[in-house]
Amino acid sequence: MKWTEQDIEDLRLGVSIGLDRKEIAQILGRTYSAVRAKIHVVQNPKGVAESMKKWWKANQKYKTSYNEEYYERNRDKILTRQKEYYTTNKDAIRAKQNEYHKRYYQENKERIAIYKAEYHQNNKGLRRGYSAAYRARKLNATPSWSEAEAIREFYLNKPVGFEVDHIIPIKGVNICGLHVISNLQYLTIEDNRRKGNKYD
């Protein structure tokens, strides 16, 4: 049975007025050993925390293995409990997450900006692929059978000095093509600007 804040206050009160552990256990409806252990934790928080830290370091592999085995044995129960908790506390959880993200961003603004700049610089082809896919979806130009992985690879393998072009423009003047691998080609920047949205 989980200890509530009220239980702990009652336990402290019992200790402060000189009740023995058996009496406190009887009042709280708990076992003698549970009360004895809790009194030790309440009276020695730093020492207990330090002991737990040392134990964790010494038994990390065992603890990890135990946690994995416990999760596998109780997976459905754990997931159900997590889902129930999230449903009951959705607003509070979201508020806490938003607060954490805002604080993290404020504290790491410069580092995030550097990371974003480096990522964009190192993944230009991928970004262009995502942008093209987004534009295509907006124009309903991506059919359900479109080869997303092949298209992604096509953008990633774009030669330096070239751009990915839709052979039949997906936003053409007289005709509109699809965002599919067979409708993609590499063109130099100059040729792509010259071609524009035309299809010969």
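The values are calculated or read from the model by the stated rules, or taken from the named source; none is laboratory data. Keep in mind that this is a model prediction, so the values were computed, not measured. Neighbour counts are summed over all protein chains in view; Cβ atoms, including those assigned to glycine, are modelled from backbone coordinates with ideal geometry.
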- Message: Quick check on E163: is it among the acidic types (D, E) and not in a helix (DSSP H, G or I)?
- Response: yes
- Restricting attention to the range 146-174, the residues that are farther than 12 Å from A133 by Cα, loosely packed, with under 11 Cβ neighbours inside 10 Å and of a type outside the set (G, A, S) number exactly 5
- Single match in Y130, Y119, Y66 (criterion: under 30 Å from L178 (Cα atoms), in a helix (DSSP H, G or I), outside the structural domain of E163 (by TED's automatic domain parsing) and at pLDDT below 90): Y119
- Filtered residues of the range 175-200 (kept if over 20 Å from A133 (Cβ atoms) and in contact with a Leu (Cβ under 8 Å, 6 or more places away or on another chain)): K195
- Message: Looking at the range 93-105, I want the residues that are at pLDDT 90 or above and have a partner that is not hydrophobic (A, V, I, L, M, F, W, C) with Cβ atoms under 8 Å, at least 6 apart or on another chain. Which pairs are those?
- Response: I93/Y86
- Give the range 40-54 a look and list any residue that's assigned to a helix (DSSP H, G or I) and either more than 17 Å from K2 (Cβ to Cβ) or touching a Phe, Trp or Tyr at 6+ places or on another chain (Cβ under 7 Å) (or both), or say none. H40, Q43, P45, K46, G47, V48, A49, E50, S51, M52, K53, K54
- When the residues of the range 175-200 are filtered to those that are closer than 27 Å to N122 by Cβ and among the acidic types (D, E), which remaining residue is surrounded by the most Cβ atoms within 10 Å (Cβ to Cβ)? D191
- Query: Out of curiosity, is R152 farther than 21 Å from N197 by Cα, within 26 Å of the chain's Cα centre (by Cα) and of a type in the set (K, R)?
  - Reply: yes
- Message: Consider the range 102-116. How many of its residues are exposed (fewer than 10 other Cβ atoms within 10 Å of the Cβ) and part of a loop (DSSP other than H, G, I, E, B)?
- Response: 0
